[in-house]
Structure formats: C-alpha cells, structure tokens
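Data first, discussion second: the structure below is written as structure tokens.
The values are calculated or read from the model by the stated rules, or taken from the named source; none is laboratory data. Small disclaimer: the values here were computed from a predicted structure and weren't measured. A quick note on method: Cβ atoms are made from the backbone with ideal geometry, for glycine too, and the neighbour counts reach across all protein chains shown. Quick note on the areas: whole protein, heavy atoms, side chains included, nothing else; ligands and nucleic acids left out. Shrake-Rupley method; radii C 1.70, N 1.55, O 1.52, S 1.80 Å.
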Amino acid sequence: MSDERKTQVLVDGVRRTFQISGSELVVLDRIDLDIKEGEFISIVGASGCGKSTLLKLIVGLDHPTSGQIKVGERVVTEPSLDCGIIFQEARLYPWLTVWKNVEFGITRKLGAAERRELIQQHIDLVGLHGFENALPKQLSGGMQQRVSIARALVNRPDVLLLDEPFGALDALTRINMQREVLRIWEAEKKTMILVTHDIDEAIYLSDRIVVLSSRPGRVHDIINVDLPRPRERSGEEFIRIRTKIHEYFFQNAIGGSELAE
Ligand SMILES: Nc1ncnc2c1ncn2[C@@H]1O[C@H](COP(=O)(O)OP(=O)(O)OP(=O)(O)O)[C@@H](O)[C@H]1O
Ligand SMILES: [Mg+2]
C-alpha cells in the first residue's frame, strides 16, 4: 500500500527481553512498524506474545532493550501527553463522578471555562450526556469504558492506544463499543492502536492488522483491510481475512484457541 501520510509512530528494530530467574526471555524481537497519521492499527497475537509490552514501549511506560520508538519527531523515553492509553478494565476512581473522572485526566493548565467546555465536549463525544454526576458503580461496563475513553482523549493526544479495552464486556456491548470507537475515530482523526483478542473486532475497525507470532514476538504478517466502513461482518472479503488469521493461529500459535473465540 503506498501511503503518503506522515509517519506518526515509528517502531524501529525493537527488541525487549526480560531476565527471568537468571535466564533471558526474548519477548519482542525485530519489531518494525511504520504507523501513519490517523491510521487505525490493530495488533493480534496469542496470549503472552508481547502485545501489552509493545504498547507500554510505545507510550514510554517501558523501554526497549534495543531499537528505538518515535512518536512524531520525539524519541520515546518516558510517557508524554501525545499518547493516551486505555486498559482492559476502566480503572476509574469509584468515588468520583463521571465529570470528575474525566476532569482528572486533564494535565494541562486551563482556564475554568475552557476546562468545563473540554470536559463536557468529551463526555458528549462518548455519548454520556446526562450522566455527568453518576458514579462509576451506577454505570454499565460499556459506559465505564466510555468514561475511560473520554478521560484518555481529554488531553487531546495524537495517538490513542487501547489494550483489549472491551475484553470484559459481553458480545453485544462489545459490538456497540466497536461502533462507538469507529465513530470517535472518524470524528477525531486520531491515530489508534488497538490490541485485541477478537479478530472480528480487528477486521471491523482497522486499516491494517499486525499479526504477531509468539516466543519471540515478531511481526508475522501485516494485513491490509481495504473495505469501506461501516463493514459488513458477513461480507466475502471480511470472511476471507478472518479465515486467513484463524488459520495462522490454529496452525502455529500457542494459545491459538483463545484467539479463535
Ligand atoms: N515486567 C516484566 N518482567 C518480566 N516478564 C515480563 C514483564 N512484562 C511482561 N513480561 C513477559 O513478557 C511476555 C509478554 O507479556 P505481555 O503482557 O506483553 O503479553 P500479551 O501479548 O499482552 O498477553 P495477553 O494477551 O495475555 O495480555 C510474558 O511472557 C510476560 O511474562
Ligand atoms: Mg496483554
């Protein structure tokens, strides 16, 4: 695919090893990725292949053993406001309202009016208008994840990383959230990097799907999903891509069954 867009995230020859009881565990090896501005990328791979590790490296919560990561022109050495991350569980403050939880995400200095406007804008963006004063326990799991999305976006990051954000949700809520993420992505034009176990989720959302192999985690394949959105899950090309990824995991990967749900 020839892509004229600017590179937003560059992962260049990244390797990450861990010392585990005296021996070296190679978790990620020779990872090269060139992610474009505004692109939607998914990362799929068996459990333990290094997906979360890769996201942590991109946001600067962890450091490569060798190789380098750049976000825009910045070499990643520590967390920065240009990358926001959402984890599997919503991780909200249970004693704070939706409004306060989103407000807590703001780390920039802003005037009171601008601050209020920004919070309201992001609560509206994730479809939670009217729930500003609700506590997390008064919300469904999907609504709680929407609050985390609002909290991550409120700093206006260029890149949003999502680590299995809908893993704990039931199938229907999940499909709903995928539609929401698509809508937000189309509205906000952020670069999004999604880790998921759900292959249909990856095909439904992504411009490209990065398939990681296990032990060590390497880029096995990068699949272009050249389908208009919103995508029809029963469409011929959708099924072809799904079958291709399933076959790879059934034949090769440890933990493949987990991916084939
Ligand atoms: N801080 C750490 N110290 C030692 N080993 C680690 C550390 N972080 C991750 N690992 C190891 O790296 C490997 C990859 O972990 P990671 O969490 O990235 O996998 P994953 O692909 O996200 O798996 P899952 O799909 O189950 O979330 C695992 O074998 C894990 O034990
Ligand atoms: Mg993980």
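Over region 83-156, accessible surface divided per residue gives 51 Å², non-protein components excluded, 1.4 Å probe.
Accessible area ranking (1.4 Å probe, heavy atoms, ligands and nucleic acids excluded), largest first, for Arg15, Arg151, Arg91: Arg91, Arg15, Arg151. Equivalent ellipsoid of the chain: semi-axes from √(5λ) of the C-alpha gyration tensor, largest first, are 30, 22, 18 Å. Our helix-only sum for the chain, with -39,500 (n - 2.57) per DSSP H run of n ≥ 4 divided by its residues, gives a mean residue ellipticity at 222 nm of -10500 deg cm²/dmol. Between 0 and 90 degrees, the angle of helix 236-252 with respect to the longest Cα principal axis of the chain falls at about 60 degrees.
Sorting Lys6, Lys109 by solvent-accessible area of protein heavy atoms yields Lys109, Lys6, largest first, with a 1.4 Å probe.
Solvent-accessible surface of region 7-56, averaged per residue with a 1.4 angstrom probe and all protein chains in place: 38 square angstrom. Counting charges near Pro228 (Lys, Arg +1; Asp, Glu -1) among other residues having Cβ under 14 Å from its Cβ returns a value of -3.
Apolar share of the accessible surface for the chain: 49 percent from carbon plus sulfur atoms, 1.4 Å probe.
Each Cα pair of region 77-227 feeds into the Kirkwood radius, which the Stokes-Einstein equation turns, at 37 °C and 0.692 mPa s, into a diffusion coefficient of 202 µm²/s. Label sites at Ser140 and Val26, each approximated as a point 7 angstrom past Cα along Cα to Cβ, lie 4.6 nm apart.
For Ser23, the solvent-accessible surface with a 1.4 Å probe is about 70 Å², rounded to the nearest 10. Kirkwood radius and radius of gyration were both taken over the C-alpha atoms of region 122-177, and their ratio Rg/Rh is 0.96. Go ahead and run the numbers for FRET between Thr65 and Glu114, Cβ-Cβ distance against an R0 of 41 Å, rounding to 0.05. Efficiency for this residue pair is about 0.45. For the chain, a simple Cβ point-charge model (Lys and Arg +1, Asp and Glu -1, everything else neutral) yields a dipole of about 540 debye relative to the Cα centre. Ranking Phe131, Phe87 by solvent-accessible area of protein heavy atoms (1.4 Å probe, all protein chains present), from largest to smallest, gives Phe131, Phe87.
Estimated translational diffusion coefficient (Stokes-Einstein, Kirkwood radius over Cα pairs, 10 °C, 1.306 mPa s) of region 83-156: 132 µm² per second.
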